[in-house]
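Undergrad: This is the structure I have questions about; it appears just below.
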Amino acid sequence: MESPADLIEDISIIVHTYSTSVLRFAYSYVKNRSDAEDIAQDVFITYIQKAPPFGHEMQRKAWIMKVTSNKCKDYLKSSWKKRVTSLPDNLGYLPKEESTLISYVYDLDEKYRIPIHLYYFEGYSVEEIARITGNKSATVASWLFRGRAMLKTMIGDGFCE
């Protein structure tokens, strides 16, 4: 059994390792930084309370991303979200090229935006995205294909795959 100091250190390492990924993924769902931060905090609280033992680090990351996805979906369905209007976030803290690309990605419908985020920003395969989102691999592949086509139309000829 781990000592409290070891447990705190382990949790600190997990938060440090995954906080950026969780925050970006949550933001891709909710499109608001403060809501994404709240969701990220809930994800790590859930990790502290319920995380099962993991065979390897990729299982841990997939579990964390699945919990993030579920928490985002719950938030978007909540009565609170339906009563509140969020102010749009400013992406000015990013380099111009990156903020422009991300703003195009965030303009996509959720079913295209989420797989594109997981594939390009988090490095997941189509099969892994299917497990995280609870969809079939063929569906995820179609959404990626259509999302890329939409981005190409939005951005124009300067688009690189």
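Undergrad: Search region 3-15 for residues that are surrounded by 10 or more Cβ atoms within 10 Å (Cβ to Cβ) and pair each with any residue that is among the aromatic types (Phe, Trp, Tyr) and assigned to a helix (DSSP H, G or I) when their beta-carbon atoms are under 9 Å apart and the residues are at least 6 apart or on different chains.
TA: Matching pairs, first to second residue: Ile11/Phe44; Ile11/Tyr47; Ile14/Phe44; Ile14/Tyr47; Val15/Phe44; Val15/Tyr47.
Undergrad: Would you check if there is a residue in region 75-98 being of a type in the set (Asp, Glu), modelled with pLDDT of 80 or more, surrounded by 15 or more Cβ atoms within 10 Å (Cβ to Cβ) and within 30 Å of Thr153 (Cβ to Cβ)?
TA: Taking every residue of region 75-98 in turn, none turns out to be of a type in the set (Asp, Glu), modelled with pLDDT of 80 or more, surrounded by 15 or more Cβ atoms within 10 Å (Cβ to Cβ) and within 30 Å of Thr153 (Cβ to Cβ).
Undergrad: When you check Ala26 against the structure, is it surrounded by 18 or more Cβ atoms within 10 Å (Cβ to Cβ), modelled with pLDDT of 90 or more, part of a helix (DSSP H, G or I) and touching a Cys at 6+ places or on another chain (Cβ under 7 Å), yes or no?
TA: Here the answer is yes, as Ala26 does meet what is asked.
Undergrad: The conditions are (1) closer than 19 Å to Val105 by Cβ; (2) modelled with pLDDT of 90 or more, and Ala138 fails exactly one of them. Which is it?
TA: (1)
The values are calculated or read from the model by the stated rules, or taken from the named source; none is laboratory data. Because the structure is predicted, anything quoted here is derived from the model rather than measured. Cβ: placed from backbone, ideal geometry, glycine included. Neighbour counts: every protein chain shown.
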